[in-house]
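Only the coordinates and a few stated rules stand behind these numbers; no lab work does. Predicted, not measured: the structure shown is a model, and the values here were computed from it. Cβ placement follows ideal geometry from the backbone for every residue including glycine, while neighbour counts extend to all protein chains displayed.
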């Protein structure tokens, strides 16, 4: 049995600006793509249900085609990452390109 107790940084008092809220969807899409590339590189393919033995996963599809519940999981990862960066004192700003 493990004694591991997760202790993420408390970001409950951090609010994202409207600009950063717009960034969340782009980050969520990228999070999904990185996850998918990792799975594909490990030999996983799309399948209608998750099957670890056959290495099939129903979420090996484009982000736009994911069920809303899966998109929300990726959005939460993006939001919490942005909030942690701000909580640690970093500043995020867009530069003109």
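Angle, helix 18-41 long axis vs. longest principal axis of the chain, Cα atoms, 0 to 90°, nearest 10?
Tilt of helix 18-41: around 30 degrees.
Applying a 10 Å radius around every beta-carbon, put 79-86, 57-64, 39-46 in order of their mean neighbour count, most first.
Averaged packing, sorted descending, gives the order 79-86, 57-64, 39-46.
In Å³ and rounded to a whole number, note down the convex hull volume per residue for the Cα atoms of the chain.
Taking only Cα atoms, the chain has a hull volume of 163 Å³ per residue.
Considering only 13, 51, 30, give the residue with the highest GNM mean-square fluctuation for the chain, with springs between Cα atoms whenever their separation is below 10 Å.
Sorting by GNM fluctuation, first place goes to 13.
Say a paramagnetic label sat at a point 7 Å from the Cα of residue 77, along Cα to Cβ; which residues of region 1-31 have their backbone N under 16 Å from it?
From region 1-31, the list is 24-31.
Measuring from a point 7 Å past the Cα of residue 65 along Cα-to-C-beta, which residues in region 41-57 have an amide N at less than 11 Å?
Under cut-off, by backbone N: 46-47.
At what distance in nm do the modelled label points of residue 90 and residue 18 sit from each other, each positioned 7 Å from its Cα along Cα→Cβ?
2.5
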